[in-house]
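Novice: Got a structure for you, questions after.
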Amino acid sequence: MNSSDTAELEEILAGALHASALNRIATRRGERSARGRGINVTIEGDQWRARWREPADCKGVRRRRSRTIGSVKDFPTKAAALREARRLRPFVMPAQFAPGQSPPWGEVLDRYLAEALPLVRPSSAKQISYALNRHLRPAFPGKRLHEVDTAQLQQFVLTQTGTGVARTTIRARLGYLRTVLGWAQTQGLAAIVPRAGKVKLPRDRALGSRIREKAYTFSQCDAIIAAADLPWRTLYALLGFAGLRVSEGLALSWEDVELSDDGACGTIRVRQAAVRGRISALKAHSSIRDVPIDPRLARHLVKHRDSLGMEGLLFPAPSGHPRWSSGVLARHLDPLLRRLGIKAKRRGFHGLRHLFAINLADALTPTRTVMQLCGHSSLAAAEVYTQTTVMAEREAVERSALRVESLKDSTGHTIENRPEPAEPAGP
C-alpha cells in the first residue's frame, strides 16, 4: 500500500469518526430535549415538587415552571410522585395547538352543519340543526374549540338544569355536543371529547308528572276522535289506540295493516316513517315492530277502508306522496283542539301516544312490553310511564287520606265510625 492510499484511508476513517461523534451529540441533544419537554420531580424538604418546561412560544422561549404536588407521606417514592405529576400534567401544562387546529366554536358548528349534517337522516337533521343553532351555539360565547372541555360541558348541564330544562332534553343536547366534538376530532381539530360518564346529568324527579300533563285524558281522546273527519279520525285512533308516532302513521299503507275476516282485530306492521313528505327508514331498529289492533281501532280502520278504499297509503296527499306532519297539525288537529276547547300546548300528536303508553303502564303491563309496543330504544324510556303510574298511585293514596281527614269530627272519629251516643239514664 503506497502513501497516497494510506492518506486516503486515514481521511475516510477520520470522516467516519467525525460523523459518529456528530450523531452521538445529536442523540444526546435529542434526549435532553425530550426530557425537557417532559416533567420531572424533586424533593424539597418533605414536599415533592414537579418541574417542567413549557413548549416554545412565538419567540422561541421555553419557560420553566414548577408546582408542589404533595408530601413524602402522600407519595413515599419518587416513582409514585412522578405518576402523580404525570396525572396532573394535563391540568398544569396547557395544551398547545397549531394555528387553525382550534377555531372558534361558532365556526366549528358552521362546518359541521355544512359538511356533516347533510349526511344525517332527514328525520333527525332538522331537530339537530335547531338544537345546535338555538341552544348550543350561544352556550360557549367567545370559546375556541379546545376550550369546550369537560368542565364547560358540565357547566352547560348545570345552566340548562337551572332554567328548568328536562333531563331527557339535556341528555339529547349533550349527545349532539359529543357528536360535534367527535366529528371535529376526525377532521384533525383540537377537540376534547369527554369520556362517557364524566359529565353528570341531574335527576329528574318531576319527569313522570310532566309526561302525564302532556298526555291527553281518555275523555279528550274520545272527543278528538269523535269530532274529527275522515281520514284524520283514523290517524288519531292509530296514535291513541296503537301508540304510533305520527311519522309512522302517515307512512302506513294497506299492505302494513292486517285485519281479521270479521274486522274485529288484526296487526299493524310498523316498518317505515314519513319525513317531510317522503318515505324514510325508521329512526332506530327498535322502532320496527308489530302492534296488535284492538276492537276500537279495528272499527275505525273498517270504516276508513269502506269509505276511502284500500289502495296505497292510508293518508296520501293529492300527489300520492305522504303528507307532512306539520301541515296536518296546522290544518286539522290544532283547529280541532281549539274548537273543542282543549289546550294543545306541547301536546300535539304525541299527547295521544303518551296516553297509549300511560294506559299500558296503568294496566300493570311489564316495562319491556311497553318498550316493545311503543318502539322505544331502551327500558329507561319506557320506565318514565311506569313512574307516572307510581306517582298516580301515591296521589290516590294521599287524596284518600285527605278525604278521611275531612270526614273526622271534633272528637277525632270519622263520620262512618262515630260511636253511637249513650242512651240517657232512666229516672
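Novice: Ordered by residue, what ³J(HN,Hα) values in Hz, to whole numbers, does segment 140-152 give under the Karplus form 6.51 cos²θ - 1.76 cosθ + 1.60, where θ = phi - 60° and Gly and Pro are x?
Specialist: Result, rounded to whole Hz: 10, x, x, 8, 9, 4, 5, 7, 7, 10, 4, 4, 5.
Novice: Along the Cα-to-C-beta direction of Arg296, a point sits 7 Å from the Cα; which residues of segment 338-369 have their amide N less than 15 Å from that point?
Specialist: 351-363
Novice: From the cross-link list Lys126/Lys214; Lys126/Lys283; Lys200/Lys343; Lys73/Lys200, which pairs have alpha carbons spaced over 25 Å apart?
Specialist: Over 25 Å apart, Cα to Cα: Lys200/Lys343; Lys73/Lys200.
Novice: Could you work out how much longer the chain between Leu158 and Gln187 gets when fully extended? Use 0.36 nm per residue separation minus the Cα distance between them, nm to one decimal.
Specialist: 7.5 nm
Novice: Using the Cα gyration tensor of segment 305-383, with a ≥ b ≥ c the square roots of its eigenvalues, what is the shape: rounded (a/c below 1.5), prolate (a/b larger than b/c) or oblate (neither)?
Specialist: Cα axes put segment 305-383 in the oblate bin.
Novice: Can you tell me the order of 307-313, 292-298, 234-240 when each peptide is scored by its average per-residue count of other Cβ atoms within 10 angstrom, highest first?
Specialist: My ranking of the peptides, most packed first, is 234-240, 292-298, 307-313.
Novice: Separate question: Spelling out what I want: for every residue of segment 219-234, take phi, set θ = phi - 60°, compute 6.51 cos²θ - 1.76 cosθ + 1.60 (Karplus), and round to whole Hz; glycine and proline get x.
Specialist: For segment 219-234, the Karplus curve yields 5, 5, 4, 4, 5, 5, 5, 5, 8, 7, 8, 5, x, 5, 4, 5 Hz.
Novice: Let me ask something else about it. Specify which residue in the list Leu230, Thr186, Ala151 is farthest towards the positive end of the charge dipole of segment 117-248, using unit charges on the beta carbon of Lys, Arg (+1) and Asp, Glu (-1), about the Cα centre.
Specialist: The residue sitting most towards the positive pole is Ala151.
Novice: Please list, in order along segment 324-329, the HN-Hα scalar couplings obtained from phi with the Karplus expression 6.51 cos²θ - 1.76 cosθ + 1.60 (θ = phi - 60°), rounded to whole Hz, x for Gly and Pro.
Specialist: Karplus values, whole Hz, x for Gly and Pro: 7, 5, 5, x, 5, 5.
Novice: Now for a different question. Given R₀ = 45 Å, FRET efficiency for Ala281-Ser66 by Cβ-Cβ distance, to 0.05?
Specialist: 0.20
We did not get these values from a lab; they are worked out from the coordinates using the rules stated. Computed from a prediction, not measured in an experiment: that's the story for all the values here. Every residue, glycine as well, gets a Cβ built from its backbone with ideal geometry; the counts of neighbours run over all protein chains shown.
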